[in-house]
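Below: the structure, in structure tokens.
The values are calculated or read from the model by the stated rules, or taken from the named source; none is laboratory data. Predicted model only: the values in this text are computed from it and were never measured. Positions of Cβ are generated from backbone atoms using ideal geometry, with glycine treated the same way; all protein chains shown enter the neighbour counts. In case anyone asks, the SASA skips ligands and DNA or RNA and just uses the protein heavy atoms, side chains included. Shrake-Rupley method; radii C 1.70, N 1.55, O 1.52, S 1.80 Å.
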Amino acid sequence: MAAVGALVQLLLLLPAVLEAAAPGGTQRDTLREELLLSPLPAGDVAATFQFRTRWDADLQRGAVSHYRLFPKALGRLVAALGVRELHLALTQGFWRTQAWGQPPLQAPAGAELWVWFQPTVTDVDKAWKELSNILSGIFCASLNFIDSTNTVTPTASFKPLGLANGTDHHLLRYAVLPREVVCTENLTPWKKLLPCGSKAGLAVLLKAERLFHSSYHSQAVHIRPICRDASCLAVSWELRQTLTVVFDTFSSGQGKKDWSLFRMFSRTLTDACPLASQSKVYVDISPKNKEKDLLEVTPPPTSIHEAIVQGDKRTYAVYDLLSPSLFNTSRSLNVQLKWKRPQDSSELPTPVLHAQRYVSGYGLQTGEISTLIYNTHPYRAFPVILLETVPWYLRLYVHTLTIITKGKENKPSYIHYQPAQDRRRPHLLEMLIQLPANSVTKITIQFERALLKWTEYTPDPNHGFYVGSSVLSALVPSVIAMKDVDVEQSPLFTSLFPSSDGSSYFVRLYTEPLLVNLPTPDFSMPYNVICLTCTVVAVCYGSFYNLLTRTFHVEEPSRGGLAKRLANIIRQFRGVPPL
């Protein structure tokens with residue numbers, strides 16, 4: 001027994017020994033998890049999970065051999081391919097900004113991947129292709145379909161979110177697969193990257209049956225380098241796993257606007273992840289239109305937190321899962337939200353920045369893409385960067401590009417256009433547009449549909465072809481001045497896009513993806529021709545063949561057998577007519 005006890009102690013101390021023996025001294029990693037519940041208009045509720053793993057290690061030097069909280073598959077991927085930042089999002093549905101407000105982190109429909117590589121990478125395209133193939137295997141997604149026909153290199157829309165020494169856009173790659181379908185086979189490997197999996201902590205609520213029975217589902221992975229301390233002399237690596245889901249009264253089948261954790265996820269919280277240093281649940285109880293106590297939350301929260309989020313003052317009820325007093329009265333935590341009175345949808349505030357996009361025109365030869373950008377701020381104008389990625393089979397007419405604001409032409413301050421090459425690369429259009437206060441800006445551009453080869457059509461060509469969402473990036477003026485806060489102490493949903501100053505905050509929005517019909521051949525015609533040809537051959541050739549090869553024999557009537565002759569002889573003697 002003494003030997004067994006010594007062996008157990010040795011196994012428990014082995015991770016610490018390995019960390020201490022690693023080059024660079026002791027490596028410290030921490031895990032923070034949080035859940036944000038935000039009531040939306042019409043009784044909808046948005047649940048945003050964030051799991052943040054911070055690792056004080058240098059992955060780029062390849063000297064890391066022991067992984068404790070940081071996933072080994074992603075750590076080796078970053079080190080081997082020279083990745084500086086990685087952002088992957090898999091989304092099912094579309095976030096309705098005008099009705100739901102600004103999300104903590106929005107993503108386009110389908111799959112989105114954008115990566116910054118290290119300056120030491122010599123062949124960025126080769127590393128990009130290898131990276132997409134590896135991520136396709138890790139997350140069981142169709143990222144292996146990312147190639148040069150849907151990959152672009154933006155110059156202004158996507159800047160590094162983490163620590164960056166330079167912004168050479170040649171090291172950036174961006175791609176979207178708008179037709180990617182997200183299902184449980186993508187969620188399972190995503191949950192396996194969590195230090196506690198789905199066995200403890202907030203991840204126990206991630207039940208696939210409930211998550212995909214919703215009107216919006218988005219899961220993402222963000223890897224970036226950050227400063228280890230205020231002096232920023234050392235670099236740490238941060239992994240953020242985010243999941244946003246929107247439950248509505250119609251898809252849930254409840255027909256009520258009152259919600260609870262059990263009603264949304266069919267489960268409750270029993271404990272925090274043992275490896276987490278922080279585990280909290282935030283419930284947005286901010287007053288609507290200066291009316292307080294509109295939302296009732298039970299049980300009583302551990303504390304109340306106030307913060308300036310996206311230019312608006314918010315109040316949150318906080319439940320600390322690491323607090324010993326939280327589970328004293330009950331073994332589980334089931335947060336309940338109840339509206340004290342019905343909420344009028346006409347009283348809801350309109351987001352300062354939102355947009356929509358659609359295709360107009362008739363026929364299958366030409367068309368027009370229109371984008372409407374709304375600035376509802378009463379007295380502040382601000383610029384916005386618009387990114388358009390259009391497939392090569394929609395041939396844009398750049399001379400037809402028009403930007404109209406309040407009936408006048410609005411010339412962009414910066415424009416970057418990279419024309420497409422057939423079957424090689426898509427169109428890339430970036431513009432910096434000034435949005436006047438309380439205005440609607442309409443951007444239109446005409447295109448011509450190309451005729452594809454018959455092998456380039458999808459199995460369901462009459463369904464149409466998807467065009468990726470437009471990307472809007474802007475510093476939106478804040479109504480309330482924001483103060484500098486400690487990122488480590490603030491909630492996770494407020495620190496991914498830190499504000500450079502207290503007068504504005506960064507917003508990245510995505511429009512709807514487009515569905516465009518192309519000139520499509522009648523793929524049923526070969527089938528009809530085959531059926532008709534086979535029928536003609538079977539009837540005509542078969543009949544002629546039978547006539548040419550069949551032989552005819554004339555059979556004479558038989559005179560009868562021995563029994564018949566004997567009967568006729570007997571009938572003759574009796575004077576009876578023969579048979």
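Structural remarks
- Selection status of Ser136, modelled with pLDDT of 90 or more and under 22 Å from Arg240 (Cβ atoms): yes
- Filter pass, Leu239 being in contact with a strand residue (DSSP E or B) (Cβ under 7 Å, 6 or more places away or on another chain) and either closer than 24 Å to Leu90 by Cβ or open to solvent by 20 Å² or more (accessible area, probe 1.4 Å) (or both): yes
- Condition check for Ala21: small (Gly, Ala, Ser), over 15 Å from Phe493 (Cβ atoms) and either at pLDDT 60 or above or surrounded by 15 or more Cβ atoms within 10 Å (Cβ to Cβ) (or both): no
- Val245 vs. criteria buried (at least 19 other Cβ atoms within 10 Å of the Cβ), closer than 11 Å to Ala47 by Cβ and in the same structural domain as Phe265 (by the TED database): yes
Residues are listed down the side, and each one gets a yes or a no for (1) modelled with pLDDT of 85 or more; (2) open to solvent by 60 Å² or more (accessible area, probe 1.4 Å); (3) closer than 20 Å to Arg263 by Cα:
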site: Ala307; (1), (2), (3): no, no, no
site: Leu322; (1), (2), (3): yes, yes, no
site: Ser325; (1), (2), (3): no, yes, no
site: Ser330; (1), (2), (3): no, no, yes
site: Asn334; (1), (2), (3): yes, no, yes
site: Ser346; (1), (2), (3): no, yes, no
site: Ala355; (1), (2), (3): yes, no, no
site: Thr366; (1), (2), (3): yes, yes, no
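- Residue in the stretch 173-186 that is open to solvent by less than 20 Å² (accessible area, probe 1.4 Å), of a type in the set (S, T, N, Q) and assigned by the TED database to the domain that holds Phe51 present: yes
- Verdict on Ser252 being of a type in the set (Ser, Thr, Tyr), touching a His at 6+ places or on another chain (Cβ under 9 Å) and at pLDDT below 80: yes
- Filter result for Ser504 (touching a Pro at 6+ places or on another chain (Cβ under 7 Å), under 30 Å from Asp229 (Cβ atoms), assigned by the TED database to the domain that holds Thr389 and at pLDDT below 90): yes
- Of all residues making up the stretch 178-210, the number that are charged (D, E, K, R), assigned to a helix (DSSP H, G or I) and farther than 30 Å from Pro391 by Cα: 4
- Residues of the stretch 439-464 that are of a type in the set (A, V, I, L, M, F, W, C), open to solvent by 50 Å² or more (accessible area, probe 1.4 Å) and within 28 Å of Tyr374 (Cα to Cα): Val440 alone.
- Scanning the stretch 66-93 for residues that are out of contact with any Pro (no Cβ under 7 Å at 6 or more places or on another chain) and of a type in the set (S, T, N, Q) gives a single hit, Gln92.
- Hits in the stretch 482-501 - residues which are modelled with pLDDT of 70 or more and either of a type outside the set (A, V, I, L, M) or touching a helix residue (DSSP H, G or I) at 6+ places or on another chain (Cβ under 8 Å) (or both): Pro491, Phe493, Thr494
- Within the stretch 392-424, being part of a loop (DSSP other than H, G, I, E, B) and polar (S, T, N, Q) holds for Asn410, Ser413.
- Being at pLDDT below 90, charged (D, E, K, R), surrounded by fewer than 19 Cβ atoms within 10 Å (Cβ to Cβ) and in a loop (DSSP other than H, G, I, E, B) is a condition met by at least one residue of the stretch 36-58.
- Yes/no for Leu428 being open to solvent by less than 10 Å² (accessible area, probe 1.4 Å), at pLDDT 90 or above and among the aliphatic types (A, V, I, L, M): yes
- Residue pairs meeting the criteria (Cβ under 6 Å; at least 6 apart or on separate chains; first assigned to a helix (DSSP H, G or I), in the stretch 115-137; second polar (S, T, N, Q) and at pLDDT below 95): Asn133/Asn144; Ser136/Asn144
- Of all residues in the stretch 148-161, those that are touching a residue at least 12 places away in the same chain (Cβ under 8 Å) have Cβ atoms under 6 Å from Cβ atoms of residues that are assigned to a loop (DSSP other than H, G, I, E, B), 6 or more apart or on another chain, in Ser148/Arg424.
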